[in-house]
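Notes follow once the structure below has been shown.
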Amino acid sequence: MKHLLYLKDLDQETISQILDIAENFLNHNNKPIGYENVLENRTLANLFFEPSTRTRSTFEIASKKLGADVINIDEEHSSRTKGETLIDTIKTLEAMGINYFVIRNRKEGVFEDIKNAIEDSTHLISAGESHISHPTQGLLDLVTIRSNKKDFNNIKVSILGDISHSRVTRSLYEGLRIMNAGKIILISPKEYSPDMKIFEGAEYTDDVNKGLKDADVVVTLRVQKERMRNKQVLLETEKYYREYGLTTERIKNCKKDVIVMHPGPMNRGVEIQNEVADGPNSVITQQVTNGIAARMAILSILEERSG
Ligand code: CP
């Protein structure tokens, strides 16, 4: 395991190990117990070609806690604006001694080209690839689910929102399947329905109350306007909230101890009601804290396994 691009590339043992390490960090207030200074003399570059608050910041915090140096590159302030190719930017940074690249890119398939261009000793971590993959989000979501529900086998996970454009859903689905989750239900308006060939073993419904029935976990998603090629499919905000927003009324369909998750950023009053986002079932801020632990665990394992 040299890179982390897709959760489907991992096996159950590796995911369990990542979750165990992350949970241990969380139990110690995100101190890197057992992995102190594992990234000493290593440098990590955050290259984000799409906006981010959570992923970029938590990678920076996680790698510094493990002893790494960190640099952050924004596309609009980089020489990419002068016509440099992405690969040339990466090779340039590699020549400066970068060991870990954490990259978010809006283009599908770009990671394969990067993987083929970098040195053998360089690590590549996807921080989000188009609508295809967001593996570290998937892992922090698994950490959050396991720490609240203890195991995956008997739980029902309902994912509600713009499924068709959601890399969060793709990665969480891959992780839940590997961990043998009980039931995965995808809920969306027909306009945002997924290609169910990608989600073998999951169920789809456009009936929100039916999809939420007896759920142990609900993951709510933002409508990803930036990924819609055909803007005509964009549903009017009030109609979306009325028909698919997660409200206190709607979560009454779920189990009493349901946990409500959202990868962020949230659009309050569009996909989620304030009272739900800030309510007793919400673990949304827990997800952010867990993001540091999950990313520390991933970096620790990549370093450990590369000898
Ligand atoms: N969940 C997530 O990827 O958030 P950011 O876009 O803020 O990184």
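The values are calculated or read from the model by the stated rules, or taken from the named source; none is laboratory data. All values reported here derive from a predicted model rather than from experimental measurement. Methodologically, a virtual Cβ is constructed for each residue, glycine included, from the backbone with ideal geometry; neighbour enumeration extends over all protein chains shown. Please note that ligands, DNA and RNA were not included when accessible areas were found on the heavy atoms of the full protein model with its side chains. Shrake-Rupley method; radii C 1.70, N 1.55, O 1.52, S 1.80 Å.
Beyond 23 Å between alpha-carbons counts as too far, so tell me which of 2/91; 82/225; 190/213 fall in that bin.
82/225
Only helical DSSP H runs with n ≥ 4 go in: add -39500 (n - 2.57) per run for the chain, normalise by residue count and round the 222 nm mean residue ellipticity to 500 deg cm²/dmol.
That calculation yields -11500 deg cm²/dmol at 222 nm.
How far is the Cα center of the range 60-94 from the Cα center of the range 163-220, in Å?
34
Under 21 Å Cα to Cα from residue 197, which lysines show up? Leave out anything in the same chain fewer than 8 places away.
8, 156, 183
Using the heavy atoms of the protein chains and a 1.4 angstrom probe, tell me the accessible area per residue for the range 135-282 in square angstrom.
Working: 6470 Å² over 148 residues.
Per residue, the range 135-282 has 44 Å² of solvent-accessible surface.
Would you mind working out the magnitude of the charge dipole of the range 190-264 relative to its Cα centre, with +1 at each Lys and Arg C-beta and -1 at each Asp and Glu C-beta, to the nearest 20 Debye?
Working: 15 positive and 14 negative charges, 43 e Å.
Its charge dipole is roughly 200 debye.
Roughly how big is the range 22-123's charge dipole about its Cα centre, with Cβ charges of +1 (Lys, Arg) and -1 (Asp, Glu), in debye to the nearest 20? Could the numbers behind the result be given before it?
Values: 13 positive and 17 negative charges, 62 e Å.
Here the range 22-123 has a charge dipole of around 300 debye.
Round to a whole angstrom and tell me the spacing of the C-alpha centers of the range 127-143 and the range 255-269.
Going from one Cα centre to the other spans 17 Å.
I need the helices of the chain that pass two filters: whole DSSP H segments spanning 30 Å or more by Cα along the axis, and mean Kyte-Doolittle score no lower than -0.5.
TM-like helix candidates: 284-305.
Taking each pair of distinct Cα atoms in the range 135-282 once, what is the resulting Kirkwood hydrodynamic radius in Å?
Working: mean 1/r = 0.0662 Å⁻¹.
Computed over Cα pairs of the range 135-282, the Kirkwood hydrodynamic radius comes out at 15.1 Å.
So for the range 1-71, taking the charge dipole from beta-carbon charges (+1 Lys/Arg, -1 Asp/Glu), which of 12, 32, 59 sits furthest toward the positive end?
Positive-end residue among those listed: 59.
What size of dipole, in debye to the nearest 20, comes out for the chain about its Cα centre when the only charges are +1 on Lys and Arg C-beta atoms and -1 on Asp and Glu C-beta atoms?
That gives the chain a dipole magnitude of about 660 debye.
From Cα pairs below 8 angstrom and at least 6 apart in sequence, can you work out the relative contact order of the range 135-282, rounded to a whole percent?
Relative contact order here is 24 percent.
How much of the accessible area of the range 135-282, in percent, comes from carbon and sulfur atoms when a 1.4 Å probe is used?
45
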